[in-house]
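Working notes for the structure below.
Values in this text are rule-based calculations from the coordinates and carry no lab data. Because the structure is predicted, anything quoted here is derived from the model rather than measured. Cβ atoms come from the backbone with ideal geometry, glycine included; neighbour counts cover every protein chain shown.
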Amino acid sequence: MKRDAVIWAALTLLVFTLPAFVHSPYYYSVLIIIGIFGIVVLGLTMLIGYAGQISLGHAGFFGFGAYFSAVLTTRFHLDPWLAMLVGLVATIVLAFLLGIPTLKLHGHYLAMATLGLGMVLQIIFKEEVELTGGPTGLTDVPHLKAFGMVFASDQKFYFLVWIFLLVLYGLSINLVHSRLGRALRAISSNQTAAGSLGIPVNRLKLLIFAVSAGYASLAGSLYAHYLSFVNPSPFGFLVSVKLVAMVVIGGSQSLWGALLGAGLLTALPEFLAVLQDYEMLVYGAILIVMMMFAPQGLAGILAGLHEWVKNRDHKKNAQA
Amino acid sequence: MLKLENIRKSFGGLKALDGVSFEVNPGEILGLIGPNGAGKTTLFNVVSGIFPSDSGSVFFQRKNITRLPTHQIARLGIFRTFQNPSIFEAMSVLENLMVGNHLQGRAGFFSAIFKPPWERKEEQRMREQAQAVLKGIGLSDSADAAAGSLPFGKLRMLELGRALCAEPHLLMLDEPAAGLNQRETEDLTNFIAGLRAKKITIVVIEHDMSLVMGLSDRVAVLDQGRKIAEGAPQAVQHNPAVLKAYLGEEDWIKSLRR
């Protein structure tokens, strides 16, 4: 808890000092995308790392939120915040509908069900032309406004996204260090033992699945308002895989590790343009290597380094 | 307190439990023995709801719990340990115990994320409760160690402590002394004997005869899915059916006659 609180405080400090050094809109746009994926990955980490379930359809929930915001604000002229809320509720309902039958089964049925759902959603985004604008999508999604401020510039939107992220990160830290967080970790470690201690295993898995879908939906809404335009392409299967890769590479047992993963996998392709054609190949290779040599992800490697430095200093002191 | 009526459970063609009935009285320690494959662990799994029985009924405090899911059975106060200690390896020792007292808390999702003062108090209370148990099982020094790093004997104690955190009315121990050395077994025996004072009813599966015979008020013997004997430890030790069930396992006969 303490360590997480310190990391949260450090990140908050970083978020508010960074604008002193960053001036190019391009860097802001990268930071915004990192923040948006960071929100999705926070939820997904709780699902994968704490509840031991895999979703291969989180890009679908991400898109569901984005389309709700886009459709409700452009076609029905709903207030953007209200649209975001409606999208959130709708996504959570969808997650429950999918999760109730599949989470009762042992094994990786959730992965299969979400894989299917993600594909179905993308087809809907493409084919429901009347509503979603089809493959060309929807334009002129209005900007978000609050307290007389319009979040139009990259810098303003940067603050909005990262404040969202900091709040959700703080709530997630609370959750994983609570009675329910311990119960979730118990479930991912040994379901039978967890159940025998009175933990309602299926209900908690369902809860965390719905929460993670909700995070994705909020991120999707922010995404739609940031670009002020949506089309089906960022919500496909490959993005779902990329999201899982962020979690695994960062370290699925740690929330800050997952944020690191989101940062790395968003920034790398931006700066290494060569990667673009081979993006999936590279992720695949990184995933395999991480699984084999560092199943705790980057967070695990860093924690190990920290331990190693501490021990080394300890030895030095002992010798002196 | 616990009453089993004609429990049957098959796995494919294997009749693991073939019409078992018996009762556990409040406050007693019942030893459950029998050769390997007799159906002892299956019986625990049926009572705790891990595998539902094919037929027959389980009653706990007169309530029919035969078809209840595992976590609801736990809610009635029935807790257990496993043959292979099923601790949560990646969690700390203290956290393992705090999963044990899950049912002592009530904080749900919203109180978990917003942490109102009462939730903090509840966390504090659960932590103190777990620390008290931690002291009782002699693991205070390892509170923050990863549970998976403990030696085997301590894993057994941790698992037992975790079940105690739940404040059980009925505690089912599945071979608690398996894999322990002489000294650890003695410590464990004393510890379990100490639970009698807390009015916890205990059913214990064990192959260590000195432990079973020393602790139990009554002993029930299973063989090939059937109960073949039940009664005071002394009487069971000389029961011909029991001796026959163990025939061929000479060590067993020796240990029974000891």
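Annotations for the structure displayed:
- With a 10 Å cut-off around each Cβ of B:110-118, the average count of Cβ atoms from other chains is 4.
- Per-residue ³J(HN,Hα) for segment A:183-196, Karplus 6.51 cos²θ - 1.76 cosθ + 1.60, θ = phi - 60°, Hz, x for Gly and Pro: 4, 5, 5, 4, 4, 5, 7, 7, 4, 5, 5, 4, x, 5
- Options A:51, A:187, A:119, ranked by Cα towards positive dipole end of segment A:2-236, top entry (Cβ charges): A:187
- Volume of the Cα convex hull of segment A:226-272, divided per residue and given in Å³: 93 Å³
- Largest-first ellipsoid semi-axes for segment B:147-212, taking √(5λ) over the Cα gyration tensor eigenvalues, angstrom: 18, 15, 10
- Largest-first principal axis extents, alpha carbons of segment B:90-166, Å: 38, 21, 18
- Take every pair of alpha-carbon atoms less than 8 Å apart whose residues are at least six positions apart; their mean separation over the length of segment A:1-150 yields a relative contact order of 23 percent.
- When each of A:2, B:9, B:115, B:135 is scored by the number of other beta-carbon atoms lying within 10 Å, the sequence from fewest to most is A:2, B:135, B:115, B:9.
- Ellipsoid semi-axes in whole angstrom, largest first, where each is sqrt(5λ) of the Cα gyration tensor of segment A:78-147: 29, 18, 8
- Of the residues A:135, A:280, A:215, the one whose Cα sits farthest toward the positive end of the charge dipole of chain A, with +1 on the Cβ of Lys and Arg and -1 on the Cβ of Asp and Glu, is A:215.
- Chain A, relative contact order in percent, only Cα pairs under 8 angstrom and at least six apart counted: 32 percent
- Rounded to the nearest 20 debye, the dipole magnitude of chain A is 1220 debye, with +1 charges on Lys and Arg beta carbons, -1 on Asp and Glu beta carbons, and the Cα centre as origin.
- Of B:167, B:122, B:95, the one that fluctuates the most in a GNM where chain B has Cα springs shorter than 10 Å: B:122
- With kT/(6 pi eta Rh) evaluated at 37 °C and eta = 0.692 mPa s, and Rh the Kirkwood radius from Cα pairs, segment A:2-236 diffuses with a coefficient of 178 µm²/s according to Stokes-Einstein.
- Cross-link pairs B:199/B:244; A:310/B:115; A:104/B:9; A:2/A:205; B:3/B:135; A:145/A:242 - those with Cα-Cα distance over 24 Å: B:199/B:244; A:310/B:115; A:2/A:205; B:3/B:135; A:145/A:242
- Over the Cα atoms of segment B:64-121, the radius of gyration divided by the Kirkwood radius equals 1.04; this is the Rg/Rh ratio.
- Start at zero, step by 5 Å, and the Cα-Cα distances of segment A:249-306 spread as 5, 20, 25, 25, 16, 8, 2, 0 percent across the bins.
- For segment B:1-101, the fraction of alpha-carbon pairs in successive 5 Å shells from zero, as %: 2, 11, 21, 22, 19, 12, 8, 4, 0
- Of all segments of chain A bounded by chymotrypsin sites (Phe, Trp or Tyr not before Pro) found in a DSSP loop with no more than 12 other C-beta atoms within 10 Å, the longest spans A:148-320.
- Between B:120, B:226, B:67, the GNM of chain B built on Cα springs shorter than 10 angstrom shows B:120 fluctuating the most.
- Approximate shape of segment A:28-117 as ellipsoid semi-axes (Cα gyration tensor, √5λ), whole Å, largest first: 26, 18, 10
- Here, chain B yields an orientationally averaged convex hull projection of 14.7 nm² when only Cα atoms define the hull.
- Per residue, the convex hull spanned by the alpha carbons of the protein assembly as shown comes to 198 Å³.
- Candidates A:97, A:255, A:305: whichever shows maximal mean-square fluctuation once chain A is modelled as a Gaussian network with Cα springs under 10 Å: A:305
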